[in-house]
Amino acid sequence: MATRTRRSQRRTEALSRERIVEAAIELLDAAGESGLTFRALTERLATGPGAIYWHVANKGELLGAATDAVVAAALAVEPAASAGPAEAAGHAEAAGHAEAAKSPESAGSAKSAGPAESAESPEAIEPAKSARPAESPEAAGPAGAAGSPQDGIRAVALGLFDAIEEHPWLASQLMTQLSHSLWETVAPRIFESVGRQIHALGVPESSWFAATSALMHYILGAAGQNATNAASARTLGPEVDRARFLDAASTAWEQLDPDDYPFTRAVAGQLRGHDDREQFLAGVDLILAGITASLPAR
């Protein structure tokens, strides 16, 4: 009786769309997009292909569902789990963002909201209420951070950065969906998460699209490049670690022709031993500094 019950529970789990997507993500992480086949999926779920097709029509739909699930989880990451108060304040100060530098403790207390399916409370975009336009966007999608809008944007950025690094297949899928399927859930989910914080900053409505697009393009582009770098490093073999690779690159930059590459030679030392996450977040803060500097006087 116990064996029959376990088999029944396993069959029920395999027939759920959530379990199918979860297994697809596991296969993608292990073997990449080429490793995600319905045959491999049926073996992992111990079920027949017909049961899977009942929930998912084809591989394209399955890739879209897996991408959306990972992105939704990434946007639910709390700021405190991604960067401490001192780190966030340090990047803000380096970017010339005086407001965040004056209140470093806010980075540790901010909390990003969950997936788009979660209902949002009116307090979600309350921190910058006095600076926002009279009309607020309709409540939908991921909620804003509990701290400052800058904290909320950093949380979104670091959540996506870590997700793309953890799931090497995600970067290409994001580019595919953003290029060909803007009407699907992934693009609006990310755009909404960043856009709500842009709105809360007090950016004029006429600049919402430009400011949100600039941040979104930087976040996904830089995070995708970091994932590509990490994947390339793995192909070099265990004998070549990151520090040695960067040292070799820095040395090569230092030896460039001083007449043709004066700037590159000057920053060669900064390439050696830099922290990818810190550099990524510094870029986010530079964009935020430009956005806040362009705001009309309050």
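Diagonalising the gyration tensor over the Cα atoms of region 258-298 and scaling each eigenvalue by 5 before taking the square root yields semi-axes of 30, 16, 5 Å, largest first.
Per-residue packing, averaged as other Cβ atoms within 10 Å, sorts the ranges 285-291, 55-61 into the order 285-291, 55-61, beginning with the highest. A 1.4 Å probe run over the protein chains yields, for region 153-210, 39 Å² of accessible area per residue, whole-number rounding. Quick one: if the Förster radius is 41 Å, what FRET efficiency do ALA210 and ARG17 give, using the C-beta to C-beta distance and rounding to 0.05? After rounding, the FRET efficiency stands at 0.65. Rounded, prolate or oblate for region 15-59? Axes are the square roots of the Cα gyration tensor eigenvalues, ordered a ≥ b ≥ c, and the cut-off for rounded is a/c under 1.5. It comes out prolate by the Cα gyration axes. For region 162-298, the square roots a ≥ b ≥ c of the C-alpha gyration tensor eigenvalues yield an a/c of 1.5 or more together with a/b not exceeding b/c, which makes the shape oblate. Modelled this way, with points 7 Å down the Cα-to-C-beta line, the labels at PHE38 and ASP162 are 3.6 nm from one another. Treating r as the C-beta distance of ASP257 and ALA51 and R0 as 45 Å, the FRET efficiency rounds to 0.10.
The values are calculated or read from the model by the stated rules, or taken from the named source; none is laboratory data. These figures come from a predicted structure and were not determined experimentally. Virtual Cβ from ideal backbone geometry, glycine too; neighbours counted across all protein chains shown. Heads up: the accessible areas ignore ligands, DNA and RNA and are worked out on the full protein's heavy atoms, side chains in. Shrake-Rupley method; radii C 1.70, N 1.55, O 1.52, S 1.80 Å.
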